[in-house]
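No lab work stands behind these numbers, since they all come straight from the coordinates. In this text the structure is predicted, and so the values were computed from the model without any measurement. Cβ placement follows ideal geometry from the backbone for every residue including glycine, while neighbour counts extend to all protein chains displayed.
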Amino acid sequence: MSKKIFWIVGLVAICIVGIIVLTGVNEKSVVIDYEGQPFLGEASAPVEIVEFGDYKCPSCKDFNDRLFPIIHEELVETGKAKFYFMNFSFIAPDSTTAAQFAETVYKELGNDTFWAFHNLLFANQTTESGQPTLFNDVTLEDMLAKVASEEETSKVMAAYGESKGKEAWEKDMSTANGLGVSSTPTIFIGGKEFKGATINDFIKMAEEAATSGQ
């Protein structure tokens, strides 16, 4: 709808928006609970960047493939910021399936395996023929087996069968709804929604937040 994320040229309206083409920066800073959330970067990094995303959203995939590597290099690896991903699952029923499964991976196997699996979900968002992948127990188990041992995969499948990722997913959804998130990807930097026009605006906002101690 109204929130567009700047970087990518016209990708599928099913994400409702996705690509940031926004104007100005919301001056209002909000408090976001990051406790227990997977993140990349140093725990001591002064700025939190969070993406609210949906694993079925093409714009989120494009963000992950094309923009995140720049953000990682410029902000995460330099210790200026740490990067979080929270779920806002709304595109299809298997958006929720993928999200809860990923939360189970994090709960059972930890941060590193979560991020490896997170990237696999976006890499396998569509089939070789270009059709949307149906994220179900079979496809998710097959994907997980690429980054986890047989024993670890079995552990996750058992935990997923007991809905052990549901609570974390519900927390993400509650946070997103409380912030008024309505499209993906939606980004907050230091508690403020990013509404810039370029990747340079993104980096500048994060660096200013780091300097100001936000």
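Estimated from helices alone, the mean residue ellipticity of the chain at 222 nm is -12000 deg cm²/dmol (sum of -39500 (n - 2.57) over DSSP H runs with n ≥ 4, per residue). With each label modelled as a point 7 angstrom along the Cα→C-beta vector, the ASP33-GLU208 pair spans 3.0 nm.
How do THR184, THR97 rank when sorted from fewest to most other Cβ atoms within 10 Å of their own Cβ?
Arranged by neighbour count, lowest to highest, THR184, THR97 become THR97, THR184.
When LYS195, LYS61 are arranged by Cβ crowding within 10 Å, least crowded first, meaning fewest neighbours, the order is LYS195, LYS61.
Among LEU40, LEU134, a tally of other beta-carbon atoms within 10 Å of each Cβ gives an order, fewest to most, of LEU134, LEU40. The longest part of the chain holding none of the exposed loop GluC sites (Glu not before Pro), meaning those outside H, G, I, E and B in DSSP with at most 13 other Cβ atoms within 10 Å, is 163-214.
Mean projection of the Cα convex hull over all viewing directions, computed for the chain: 11.1 nm².
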